[in-house]
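Take a look at the structure below.
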Amino acid sequence: MSHGKVTRWKVKMSELDLDVLIIGAGPAGALAASALNREGFKIDVVEKQTFPRFVIGESLLPHSMDLLQDAGLLDAVERQGFMRKHGAVFLRGAEVCNFDFANQSGGGWDYTYQVTRADFDKTLADTVAAQGVRIDYGQTVTAVDFNKDRAAVTVKGAEGASRTVAAKFVLDCSGYGRVLPRLLDLEKPTNSPPKESMFTHVSGDARPLGREEGKIWVCMHPQGAWIWIIPFSNGNSSVGVVADPEFFKKFSGTEEERLRAMIMGDENAAARLGQAKILFPPQSIKGYSCAVKRLWGPRYALTGNASEFLDPIFSSGVTLALESANRAVHVLTRHLRGEPVNWDTEYSEYVMQGVNTFRAYVMAWYNERLPQIFFAAQRNPDIMRQICSVLAGYVWDESNPFVHQAERAIGVLSELVRLQAGPAGAR
Ligand SMILES: Cc1cc2nc3c(=O)[nH]c(=O)nc-3n(C[C@H](O)[C@H](O)[C@H](O)COP(=O)(O)OP(=O)(O)OC[C@H]3O[C@@H](n4cnc5c(N)ncnc54)[C@H](O)[C@@H]3O)c2cc1C
């Protein structure tokens, strides 16, 4: 089987043979490296960039704490002094829905962190390196060639020279790089709504104090966008707007002027950020939702953003990256030890269960069912606790009806809310 550029097997396999080559040292790659190293496998990580590097995706979910802890990475994260995040606040004009992670049905972690990803990802990678894992920075995977026993991976160095690395298995943790989906033609059209995002960091965010300070704010903009405000412990905050492409076309001027006008168009964002200073020219990203035809093949598996990415609305990306990497390691460990494994049921179906639960919430956010529930005049506290557990990332807890039958539960509840509101309350 040959994919991507045809690679000649120039190396003496016995010299360079790895059990696993990990592509990418983001959260998925770091967690996988830590766990595989602990299992005693011979691994290497190749990372295209040098750390620290900026990447978007700064608000974690409480379930990520379980995963970081199991991988032996949580202590290092806790020592960084990141902003504690106790929940998520959704605002639509004067209406507020405040989820506090202390009020979950499933008893998960009641906090997590808002992280500058440059620092968070470097912390994870340095911790993994200190555990004895080799991370080769400035090295880009450009081709891969599989045969019956091995993968031969072409890695290009910063100075332009290529080398070939042989490994029994390749774990693709390349995130937005989507190395194997591109090389192996695994890309699939996504059914997520087509959205764009513009974001930056600011100083001078007039945030609430105390326990509320670290919560993410999600402001529903009257023109159909939504705005995140993610406060960091250094006093700066991340601010981003997500909307249909049409929304962004309504704003002219420099990127900074456009972003400021978008912020000022929402009363809640304007109240916090009216005096804020934009710290770097706003960046834009589009076409970030992605899907794949399959999550694994004979000598590879895809994790994190190298597999599926839905939408930023519920801050699920890093948690799904960590969970999929953790699960891949779990299955791969047994596979490499010669035990029978079923990648379809044990990996793909498991990962997709979590992805699809979040998908139901993303869809319901954009088709207004979820805002209807969040901003209902009367909210059942038990139900809100179950939804809070989902928003905390516990999307594999089948005992939660808002996980187990997410789409149906949201549909029934939103209909109930609509009927209770009567014609006057319907929006
Ligand atoms: C607008 C927006 C907002 C978001 N907000 C959030 C949020 O608040 N919370 C959240 O959890 N998630 C958020 N996300 C999602 C989050 O960014 C990703 O889900 C997360 O970074 C995925 O982690 P990862 O480890 O899979 O990949 P990444 O973090 O992308 O890491 C992959 C690494 O692989 C390396 N790489 C790429 N190509 C190659 C190659 N060819 N060779 C070697 N190395 C390579 C890259 O340099 C990178 O360091 C957001 C996404 C978007 C688009």
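Here are the numbers for this structure:
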item	result
One residue from Gly214, Gly240 being in a loop (DSSP other than H, G, I, E, B), in contact (Cβ under 8 Å) with a residue 12 or more places away in the chain and either of a type in the set (Gly, Ala, Ser) or within 22 Å of Thr116 (Cβ to Cβ) (or both)	Gly214
Count of segment 92-102 residues which are crowded, with 16+ Cβ neighbours inside 10 Å and either in a loop (DSSP other than H, G, I, E, B) or among the β-branched types (Val, Ile, Thr) (or both)	1
Qualifying residue in segment 199-211 (condition: assigned to a strand (DSSP E or B), within 12 Å of the ligand (Cβ to nearest atom) and either hydroxyl-bearing (Ser, Thr, Tyr) or crowded, with 19+ Cβ neighbours inside 10 Å (or both))	yes
Segment 280-326, subset near the ligand (Cβ under 7 Å from one of its atoms) and assigned to a strand (DSSP E or B), residue surrounded by the fewest Cβ atoms within 10 Å (Cβ to Cβ)	Ile285
Residues located in segment 235-255, provided they are closer than 24 Å to Arg92 by Cα and exposed (fewer than 14 other Cβ atoms within 10 Å of the Cβ)	Pro245, Glu246, Lys249, Lys250
Elements of type helices (runs of 4 or more DSSP H) contained in segment 22-84, each with 3 or more residues being in contact (Cβ under 8 Å) with a residue 12 or more places away in the chain and closer than 30 Å to Val153 by Cα	27-38, 63-70
Residues located in segment 38-95, provided they are away from the ligand (no atom under 11 Å from the Cβ), on the phi > 0 side of the Ramachandran plot and in contact with a helix residue (DSSP H, G or I) (Cβ under 7 Å, 6 or more places away or on another chain)	Gly72, Gly93
Every residue from segment 398-409 that is buried (at least 21 other Cβ atoms within 10 Å of the Cβ) and either assigned to a loop (DSSP other than H, G, I, E, B) or in contact with a Ser or Thr (Cβ under 7 Å, 6 or more places away or on another chain) (or both)	Asn400, Val403, Ala406
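Since every read-out is calculated from the coordinates, none of them should be taken as a lab result. All values derive from a computational prediction rather than experimental measurement. A quick note on method: Cβ atoms are made from the backbone with ideal geometry, for glycine too, and the neighbour counts reach across all protein chains shown.
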